[in-house]
Amino acid sequence: MTDEFSGRVDRELAAIRPPAAFTAAELAARGRRRMWRRRSAGMVACLLALVMGAVFVVKAPLWLGLPVGGGDAASPSTSPSTIMPAPRPDELNGGQPEIVLEVPPEGADLRWIPYSGPSVTAQTAMLTQGWWDLLGSVEGIELSRPTTDGGYEPVDWWTFPPVERRTQELGEASSGGLSPLGSRPIYKQQLGVRFEGVARPDDVFLTYYPRGSFTQGGRSVVDDPLSPHWRYLAPGCGEASGDLAELNVCEEYVAGNGARVFEVLAVTGEPGPAREEVRTSVVYTPDGNAIVISDWSPDSHDENGELVVEHPAAGFTAEQLTSLALALPPVIIV
Amino acid sequence: MDERRDAEFRRFVVERSERLRGFAYLCCGDWHRAEDAVQSALIRLYGAWNRAKRASLDPYVRKIIVNVLIDEHRLAWFRRVRVGDHNTPETPAAAVHDHTEERVVLVEALLKLPQRQRAVVVLRFWEDQSVEQTAEIMDCSHGAVKNLTMRGLAALRGLLSESALAELEGASR
């Protein structure tokens, strides 16, 4: 596969490739200038910080109305330290700004694009603990994470993938001159969950979205029934035809605690061994945020895209995903 | 130190820039954007040369290119970072052979695929990346890579003529 495909693409690219407009020496020179600018900026920042620190040490007692010249109040050993406590549920709306997005042009093809890399915060650490505790109460599953050789390995608490903070920015999916329309922070984790009697794990994604950054319900992008339209957190219900028939079944209801729930079962492929399922539950929590848990069944294809195994009838149901989401702790997403 | 870094970097650029330009073009379908992305990636690579060398240069720079293209997407304007209008590239001689009689069928079909399907197919079958490596670059799951691969290949089969498919029979079976 690779040799045939690669050779053909190589020949075709050679026929249409224009000459390069840069040389290695020029790029090295630009690389050196970039490094110099970055180092200079770092030194200036350090210098500014030192100056500001010195000014603060000299002036702070005057600003704060404290006696100048030492004393207990100025002693480092008595300086107060502040540790941010975990938020109470009644604090959530006050602590978290609502994401407000501009109205995009009619017909614009927009997608959320990963912007900043993952990081761990106090909020995500709390979620990691809550998610671990919750999954520990589910019987008949083994938690795992991907390995470098394409397989999975079981995880314990120490190797459990943490929930991480990332940011996404709204951008146009094809080339064009559109300005960015907004960004949002999300908390996200991916996990392998293997069910009893099944050789390979499902991929389970947990994601928290901040209030104001989505519309309730579901809708798919035009060319991809499995991917949500940018305003939504789940694909919508529609039909597709042909060899890659896809079926999305949606259900909406209000849970016992007043949270709205939107569940989607997306099926790809005709009935048979190539059939694959994605089950998604979206819980719109009372604080305005949303928790999305989706379960992608093990795919039925090998690394070359060829069909190799039968589709297993396992995995979390949408109702189970909803129960898990409803049991997760509320957090501030910032 | 700097001289050694320069020499290693320049050798890498000479040996790999054509392949990287091809990769970027297959991702975005525009030679100008591809060239900008490769230049940005290589300039960033220069600053991270020692760190990248300890890992692996090719995967490192491919990841930067994908990120640069995503950044470009995000910003939605295409700043030109061309060094100049030089037409004396330091490229391997084989890269400038005249192949104008070659019919551009497969690349045209590839460029008609949805962006993510195209990127996955290019990474898997042109760059020969594993599912794991592709998932890392695309920031998605193994299952999503395999799903996109299956759908990308199926879409390619629909876009290619019988004769082109026959030529690629090894690839489509």
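Annotations for the structure displayed:
- Under-5 Å amide H pairs with A:Ser227, H placed in peptide plane, nonlocal only: A:Val221
- Inter-chain shielding of A:26-37 (mean C-beta neighbours from other protein chains, 10 Å cut-off): 6
- Counting Cβ atoms of other protein chains within 10 Å of each residue's Cβ and taking the mean over peptide B:3-13 gives 3.
- If you plug the beta carbon distance of A:Arg34 and B:Asp30 into 1/(1 + (r/R0)^6) with R0 = 25 Å, you get a FRET efficiency near 0.55.
- The modelled label-to-label distance for the pair B:Asp128/A:Ala255, using points 7 Å beyond Cα in the direction of Cβ, is 4.9 nm.
- A Förster distance of 45 Å, applied to the separation of the beta-carbon atoms of A:Thr317 and B:Ser163, puts the FRET efficiency at 0.45.
Every read-out reported here was derived from the displayed coordinates using simple, explicitly stated rules and does not represent laboratory data. Remember, it's a predicted structure, so these values are computed and weren't measured experimentally. Glycine also receives a Cβ, built like all others from the backbone with ideal geometry; neighbour counts cover every protein chain displayed.
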